[in-house]
Structure formats: C-alpha cells, structure tokens
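What follows is calculated from the coordinates using simple rules that are stated; it is not laboratory data. Keep in mind it's a predicted model, so treat the numbers as computed, not measured. Don't worry about glycine lacking a Cβ; one is built from the backbone with ideal geometry, like all the others, and counts go over all protein chains shown.
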Amino acid sequence: MSSRRPISFADLAGRVGKVDYLLFGERHGVREQTVASACVLSAMAKDDRRITVVMEMLSRDDDTVIARYREMHPESPAGLGTELKWWTRGWPAFDNWLPLVQRAFSLRAPLRGGDLAENEGRPSELTPDEKNAIRKRLGAAETSIRQSWTTAMMAAHCGLISDRQAGLNADHQIRRDLSMADAAEQAGELKHGVLLQVGRGHSRKDRSLYQALAQAEASVLTVGAFAEGENITDEERALFDYLWIVGKAEQADPCALIKLTSNSGESISR
C-alpha cells in the first residue's frame, strides 16, 4: 500500500471482491504483472460475481471480433492475437497478456476493448463540444489532470516535442481515458464489477480515468504494478491504493539512447 505496510494477497482479495472498478496499472510487456492481474480477476469473481475485463490494449471496435472468436473458440484464447492481427498494433507480443485473457475465458467473463476506435487514434485539436464534455466529466480536476498528462507526454518524448504537441498528446490521453471509462461504466450498468487492465500512467489517481470513474460515486481501487528494481518515489506511492512489485523489466533510460549533439555540433550517439 502507499503507507508502505506490506499486506498479503488474501487481504487484497477481500477488498477487491467488493469494489466496482479496479484499475490494474501495469508496466507494458512484463508478463508476470499480467499473471498478477489474472489473480486479481479471480478474486473479484469470487462467489460467481460477474466481472467484465476492459483492456487499454484493445480498441472499442475490437469487441465484435472478440465476440465472434469466443463463439467459435470458447475454451481456447491463444488464437485471439492472430484474429486481432496483433503484430500490426505496436504493442509487445500478445503472449504478455495471455494469462489474463485465459482467466477471462475460463471465468466466462466478458472481454472488452477500452481504447478509442481506430479512426479516432490520432491526436488532434479538441472540438468545442469535446472541451465542454471533458470539463463536465472531470469537473474541477480538469486543469490539474491536463497538466499532469502534458508533463508526462513531454517526458515520454524526452523533451523533444513542442509544448503544443505535448498538449495535443495530453488531450488524446484524456480522450482515451474517457473511452475506457465509458466501456467500464457500460459494464457497471449491467451490475458487473470491472477490472481495467491499463498502463500504469492511466491508473493513477491524478489522471482522467480514475477521476472520471470516481465522479460517478462508484468505488474505485487502483493497483500500481512495478517491476523489481524500479525506483518508486513517495509521490508515486501516494497515487495508488496498492503497489505490487512483480516481474523484471529492462531498466535502460530510453532518453539516454537518443542521438546527442557535442559542443562542436557533431552528432554523436551514446
């Protein structure tokens, strides 16, 4: 937990069995973290409770493909990645998420895409209607959420994009968060609990996905999964209800790998 007090999985399982929305924030590509979220899914589904899984890595227009595949292969999720043409998507290998998908299949839990449809996949200026809708959805938290995402987008691009582009990217992440929130709330209307498998940045309490769900007066719990050896700041600890240290990941700083310019103006690589 953010208080740094270790707890057992049994303690966590007792709480997740009652929560409306659980945000499991992974470090993409760490398979052990998906194994962990599969365990959380089982705990949420205790006593035959209906749970829907919403994944950031799946888009809203994947739902029809997933439903058709499950009709044909209700017990065998391994071929779903091929059906979705996963290799075209820019994500790590589908096998990284197979433990969670397998658990969803075994529990007969609905599996839904949370991300925007493909034709909405590029950052762009918000329309006036979008601005009003976001302002209404996020309330007083809107400004701080946008600033948080803008800072994150600049850092993710090693400071090499313009302020304007960082802002456009931030607005796009808010769009994506609200799309995931919509998918979760639609499942919630069916009286399902919802496990949202998302990147760790999307599961933070100061970002738009958490805030949108919390505005609906639902119970929202967030788990931040960190790989072994990752540095966790006190600020990060405060952004999650629970921290789960599991799996290993490459620790190299991607920004250290970009081309640098020497004092003489020559292009060099580190």
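Tabulated data for the structure shown
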quantity	calculated
Rounded Å value of the spacing that divides the Cα centres of the range 11-71 and the range 176-198	11
Computed helical MRE - 222 nm, the chain, DSSP H runs ≥ 4 contributing -39500 (n - 2.57), nearest 500	-12000 deg cm²/dmol
In the range 66-174, the GluC sites (Glu not before Pro) that fall in loop regions by DSSP, at most 14 other Cβ within 10 Å	75, 125
For the range 12-114, alpha-carbon Rg relative to the globular expectation (2.2 N^0.38 Å, N residues)	1.03
DSSP bridge pairs, the range 9-268: antiparallel proportion in percent, nearest 5	10
Nearby lysines by direct alpha-carbon distance to residue 131 (threshold 18 angstrom, same-chain neighbours under 8 apart not counted)	none
Volume per residue that the Cα convex hull of the range 123-212 spans, once the total is divided by residue count, Å³	95
Taking 240, 94 and counting other C-beta atoms within 10 Å, the order from fewest to most	94, 240
Neighbour cut-off at most 14 other Cβ (10 Å), DSSP loop, trypsin sites (Lys or Arg not before Pro), the range 1-45	4, 18
Cα gyration tensor category, rounded, prolate or oblate, for the chain with a/c compared to 1.5	rounded
3J(HN,Hα) from dihedral phi, the range 65-73, Karplus parametrisation 6.51/-1.76/1.60, rounded to Hz, x for glycine, proline	5, 5, 4, 5, 5, 5, 5, 7, 9
Lys, Arg +1 and Asp, Glu -1 on Cβ, resulting dipole of the range 9-268 about Cα centre, debye, nearest 20	320
Exposure proxy ranking, count of Cβ atoms within 10 Å, fewest first, for 131, 85	85, 131
Net charge of neighbours whose Cβ lies under 12 Å from the Cβ of residue 117, counting Lys and Arg as +1 and Asp and Glu as -1	-3
Shape category assigned to the range 163-210 from the gyration tensor of Cα positions, a/c cut at 1.5	prolate
The chain: relative contact order as a whole-number percent, Cα under 8 Å and 6+ apart	31
Local net charge near residue 248, Cβ-Cβ under 9 Å (Lys/Arg +1, Asp/Glu -1)	-3
Free-standing Cys, the chain [no other Cys Cβ under 4.7 Å]	39
